[in-house]
Amino acid sequence: MTLAAFEAIATATAMPVVARELDALSAYTWAFNAYIVASLLAMVIAGLRCDATGPRGPIVAGIAAFAIGSVVAGAAPSMLVLIAGRAGQGIGSGAVIVGLYVLIARAYPESLRPKAFSALAAAWVLPSLIGPLVAGWLADSLSWRLVFWVVPIFVIPPLLLLLPHLAEHQGGSPNPHARRRVVAGIVVTVGLLAMQDGLVRVTLLGGVEAGIGFILILGAGRTLLPAGALSFARGLPTTVMMRGIIAAGYFSAEVFLPLALVEIKGVSVTYAGLTLAVGAASWAVGSFAQSRLSGTADRSAAVRIGSLIVAVSILGLPLVLIPVVPAWFAAGFWAVGALGMGLAIPSISLQTMRLSPEADQGMNSAALQIVDSVLVVIGTALIGTVYAHAVAGAGVTAVTYSTMWIAAAVIVALAALVAPRMKSVAP
């Protein structure tokens, strides 16, 4: 997780430089969404494999795919190749995160799972502190390509340490609907690609393409999510959906934060990246706070409070773009929002594991990641259309970024309204 965290923070820091060098600002969101889209099918397959045989296979294969994708992205001569490398990283990340969730569910009793999820968040602390500095220095002084190439160097040692422990938690039974779920995963992946591509085209034809993509996602997504998820049925269905709603608002706001600071406030890439660093460290603090709560208690209240904190923090970001407001205010707002995410996201994961029978832990862990991926891509793509319209029109201004952030805050506020439905129906 530490390596994945470093890559995420470093890539977000370096992307303004990458997009300018590859002359691809109009395709800026693709570098992020390709990662997410590619991870979706990997999550579906990884969840099925975890339930059937255990988490070892998905974790090992995922780490290998992540390393290969990093090499490809670093060598990219064009944005298209960079996107392909990011897709490889997404495949690896999707498999690993589902495997780790199942590993936690199998290796830890329910009372200790809050601390285990807190440890996952803690894995972001060191990368969040050094990632922007390293990535910013590499991108500004040497080459942004090194941001991707340093990751594979450190992959082998942690894999060797982890392998012996993975063997202890193997076993399971195949899902009788595995083939149907894989087909649904393919359809949803195609739908996401169509929707993302259609929205960035900023044309009528693009709108039709995006609409077709949305229909594919809606139709096939029902197979991949718990029954009643799309209607926000109480308990597990709403719990799974909450993950995607909050993530969609938060990460669609985050994608454009470094770019806004560089383009509007005129700060360096390193400085902009440090804003994300503060946020990642604050996320770990929020996660530690939720680890002090009972592992067996309902978490809907914690998720609601976390959502409100995130929404308020994102609403504060437009103030940073006022000329007289110092750029460092962005770090303060983002730290508050990340604190809310640290409180909400692990609580959603814990609620999901608490409401899932062991035979369905892999499938429901995958559902969490899938709804996260789908709604983050949809949210980023929809909000990114504001940016794409500005690039194609009069140009990007502070109003452009402010509009996107207000929309992102509204999405998270909706999560706070739905959170009470996470409570399971009384027997």
Would the stretch 373-381 turn up any residue that is of a type in the set (Ser, Thr, Tyr) and closer than 22 Å to Tyr401 by Cβ?
yes
Please determine whether any residue of the stretch 286-293 is in a helix (DSSP H, G or I) and over 20 Å from the mean Cα position of the chain (by Cα).
yes
Across (1) in a helix (DSSP H, G or I); (2) modelled with pLDDT of 80 or more, Val377 clears everything bar (2)
Scanning the stretch 334-365 residue by residue, those at pLDDT 90 or above and surrounded by fewer than 24 Cβ atoms within 10 Å (Cβ to Cβ) turn out to be Ala335, Val336, Leu339
When Ala227 is run through (1) under 21 Å from the mean Cα position of the chain (by Cα); (2) outside any helix (DSSP H, G or I), the failure sits at (1)
Selection over the stretch 294-332 where residues are among the polar types (S, T, N, Q) and within 24 Å of the chain's Cα centre (by Cα) yields a count of 3
The residue from Ala233, Ala253, Ala184, Ala248 that alone is surrounded by fewer than 23 Cβ atoms within 10 Å (Cβ to Cβ) and part of a helix (DSSP H, G or I) is Ala184
- Query: So is Ser373 surrounded by 22 or more Cβ atoms within 10 Å (Cβ to Cβ) and free of Cβ contacts under 8 Å to residues at least 60 places away in the same chain or not?
  - Reply: no
Among Ser307, Ser268, Ser287, the single one that is among the small types (Gly, Ala, Ser), touching a Gly at 6+ places or on another chain (Cβ under 8 Å), touching a residue at least 24 places away in the same chain (Cβ under 8 Å) and surrounded by fewer than 22 Cβ atoms within 10 Å (Cβ to Cβ) is Ser268
Among (1) without any contact (Cβ under 8 Å) to a residue 60 or more places away in the chain; (2) surrounded by fewer than 24 Cβ atoms within 10 Å (Cβ to Cβ), Ser300 falls short only on (1)
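Residues are listed down the side, and each one gets a yes or a no for (1) modelled with pLDDT under 75; (2) assigned to a loop (DSSP other than H, G, I, E, B); (3) over 21 Å from the mean Cα position of the chain (by Cα); (4) more than 29 Å from Leu259 (Cα to Cα):
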residue: Pro58; (1), (2), (3), (4): no, no, no, yes
residue: Ala65; (1), (2), (3), (4): no, no, no, no
residue: Ser70; (1), (2), (3), (4): no, no, no, no
residue: Gly88; (1), (2), (3), (4): no, no, no, no
residue: Ile91; (1), (2), (3), (4): no, no, no, no
residue: Leu112; (1), (2), (3), (4): yes, no, yes, yes
residue: Ile130; (1), (2), (3), (4): yes, no, no, no
residue: Gly136; (1), (2), (3), (4): yes, no, yes, no
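The values are calculated or read from the model by the stated rules, or taken from the named source; none is laboratory data. For clarity, every value in this text was computed on a predicted model and none was experimentally measured. Positions of Cβ are backbone-derived with ideal geometry, glycine not excepted, and every protein chain shown enters the neighbour counts.
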